[in-house]
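Inspection log for the structure reproduced underneath, given as structure tokens.
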Amino acid sequence: MMAALPEALPEALQARFVAPQHAGSLAGDFDAIHVGEAGEVAQGTWIRLQLGLRGDRVAQVRFAAYGCPWTIAACDWLAGRLEGLPWSVAAGEVAGAQGSGGALDWARDLAIPEARLTRLLVLEDALRAAWQSRPATTG
């Protein structure tokens, strides 16, 4: 039996929580893979992002997460937002890069309440860790 969704979770985010399109592991061949993790299950939020690159583009993003519905929905939303972008543009989602992106912008875009902002900070940390990671090559 599924737990009731929080009433405040907007309908668009409810769909991302109930049936996330980007949860799981990367599938396919990539020129490079960047992985970033942040948070701790014991603290209530843990996120792992995998970004598969083909050439200079983010071809696929997958996530694994432990957290509230806001966390899962935000991970799925960000993964979808990053797919298809050039790597240099995707980097703009990391706070501080070119003055855009990051947890505060995401919270505004998704209408996430201030009380849930810490979850987005963990997501931001996971993305930053992926961006800064040494890429694993495949093939």
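Here, each number is a calculation from the coordinates, and none is a lab measurement. Treat the numbers as computed from the prediction; the structure is a model and nothing was measured. Using ideal geometry, Cβ is built from the backbone for each residue, glycine included, and neighbour counts are taken over all protein chains shown.
Here are the numbers for this structure:
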item	result
Computed E for Ala64/Leu104 - FRET, C-beta separation, R0 25 angstrom, nearest 0.05	0.55
Segment 37-76: C-alpha gyration tensor shape, a/c 1.5 cut-off, then a/b vs b/c	prolate
Segment 11-132: relative contact order in percent, alpha carbon pairs under 8 Å with at least 6 residues between	28
Choice from Pro86, Pro113, Pro20 showing the highest fluctuation, given a GNM over the chain with Cα pairs closer than 10 Å	Pro113
Whole-Hz ³J(HN,Hα) from phi, Karplus 6.51 cos²θ - 1.76 cosθ + 1.60, for segment 17-27, glycine and proline x	6, 5, 9, x, 8, 10, 6, x, 10, 4, 9
Longest to shortest principal axis, alpha-carbon extents of the chain, angstrom	44, 36, 28
222 nm mean residue ellipticity, helices alone, for the chain (DSSP H n ≥ 4; -39,500 (n - 2.57); rounded to 500)	-10500 deg cm²/dmol
Most fluctuating residue given options Thr71, Thr118, Thr45, as computed from a GNM of the chain linking Cα atoms under 10 Å	Thr118
HN-Hα J in Hz across segment 29-36 - Karplus 6.51, -1.76, 1.60, θ = phi - 60°, x for Gly and Pro	9, 9, 6, 7, 10, 10, 10, x
